[in-house]
Every structure is written in C-alpha cells, then in structure tokens.
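Every number here is computed from the coordinates shown, using simple stated rules; none is lab data. If you're wondering where the values come from, they're calculated on a predicted model, not measured in any experiment. Neighbour counts run over all protein chains shown; Cβ positions are idealised from the backbone, glycine included.
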Amino acid sequence: MKSVFILVCCILLISVFSTPTRAAPARATLVSQACERHYVLGLISVPPIYFVKSGKKNGLGYEFSIEAMRRLECRFSEQVGGVSVLMNSFANNRLDFLGPLTDDVAFKNSEFIGLWRAPRLMLIKKADKDVKAKNIEAYIADTSLVFGTLIGRNIYYKAEEISALRKANRVRTYASGEDIVRALRAGKVQALIAGPYVLGYYFDKKELVEDYAQIQGSGNPLEWGFHLSTTRLNNEERGRLKNAFLKMKEDGTAERIQNKYDQFEFGDRE
C-alpha cells in the first residue's frame, strides 16, 4: 500500500513539472545603438574655426563637429588643414563632412546644411585711405589698395575679385590669419575681407572703430554650415548627421557654441 502511495505521488509530481508553461510576454528593452560608422571630418585651421590654445582644441568648426559625433555616438577621426587642402580632400571623396563653409562653395558631391547667416566685411586702414565709397566692389577696383588673403583658396573673396586683384598685382598671400592681420597693421596691405567671427577674434572694438573703416558686403548675408558628402555617406547616414546639426539649432546648442566666440557687430562702426 505504501509503495502504491509513493508511486501516485511521483506521477503527480512528474505531471506538474512537465506541463507546458506559457512564456512571459517579451519586454521592450531600450538599448543604446552606438553608431558603427567611422566618420572622417575636416577642420579648417583658421581661427576661430579651429585652433589649439593651451593644448586644448577649440573653435566653431571643432565644437559643432564634435557635438554632432557625440549625439550620434560615432567614432571619428580629424583632418586639420588649410582651406584649399581640405576642399580638395572633400571633392576627392576623402572626407565625410567639412565646414563651416558657405553655401556658395560649389561641390558636386555635397549636401549643404546651413546653421547661421553672416555678412562678409572689409576692413580698410584709415591711415592709408580716405574712405568714401560705400561698397566692396568700389575698393576692389581702387588701384591704390593692396589686399591681404590666405595662400590658396579664400572663402571670403569671390573668384572674380581675386582674379582682378591678382591681375593687377594687388593681392598679397599669407600662411595664416595672424600674418594677414600683422601685415595690415604694419601697412604692408591696406585692406582685407573676412567674416564677423574672424574679425572678432583678431580685433577688439576700440581698435576697429578708431583705426579702420568697415564696409559691409552687399546682397544677402552668407549662409554658413557644413557640407555632407553624398558619395561617402548613404542617405540614411547623411540623414542622421543632418538631423544632428539641425537639432543643435532647435535646442539652442548652436547659439550657445556661437556665443563662446567674439563676433564683430557691424553696428559698432562709427
């Protein structure tokens, strides 16, 4: 009898543990999908676009690029160099994105993402010229003025302006912005064309107002932003990068980055 009772208990236990159980419903788990894309970005070595101070990297271009990579959680490497070198690298499909540059820079393999607008400005040293004209074009044609610009391509000068200045031997090229400003202060050149952030980096308001006349370019302000490669990046990759840049405008990050760098205000002129 005892053995029969033990046998019944064993059968009951086996039936309980062998009965199929219903699986628990799957629970959605939010897992960070880190980007596997390794981006190659171009940083133009013109302050305040990119510069190194006390061993730390700084600059508008640097901060925008790093913030985009942070948001995408992507790996990246940097190529730092002059405007012409990097523009050639981008055109030859060696960079994923490049900037800040203007929207009128032409690339066959580019989608442009604009982030802010700013005019181009001309500085003329008052000691070298009785300033009367109101537009940049008049001074480009003024044979008494010699202009300073960077070696290679300069994003602030139109192609026809540089061509006319070179033909008349009225342009001097320098390796850096510091060299151009030094030449302007020394009277080796009498004028330069640049943007608000460049002028804000090299000059204080007092010097600008007292020593230089400022002429603002005609037409609409230039739109500044980043060129994204349409050959190295597919539509999805480009879309994510574009969204990262545009979100910076929406959430105030773009303005916060820009406010860290002095910008010459044209209204400060005499």
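Taking the square roots of 5 times each eigenvalue of the Cα gyration tensor of the chain, largest first, gives ellipsoid semi-axes of 62, 18, 15 Å.
Multiplying the residue separation of VAL131 and SER163 by 0.36 nm and subtracting their alpha-carbon distance yields 9.2 nm. Measuring between their Cα centroids, the stretch 121-171 and the stretch 32-102 lie 30 Å from each other.
Assuming R0 = 51 Å, can you tell me the calculated FRET efficiency for the pair GLU250 and ASP211, based on Cβ-Cβ distance, to the nearest 0.05? Approximately 0.80, to the nearest 0.05. Straight-line cross-link partners of LYS108 among the aspartates and glutamates, defined as a Cα under 16 Å from its Cα and at least 8 positions apart when in the same chain: ASP96.
Return the subset of LYS57/LYS249; LYS56/LYS206; LYS134/LYS158 for which the Cα-Cα distance in this structure is over 24 Å, preserving the input order. Exceeds cut-off: LYS56/LYS206.
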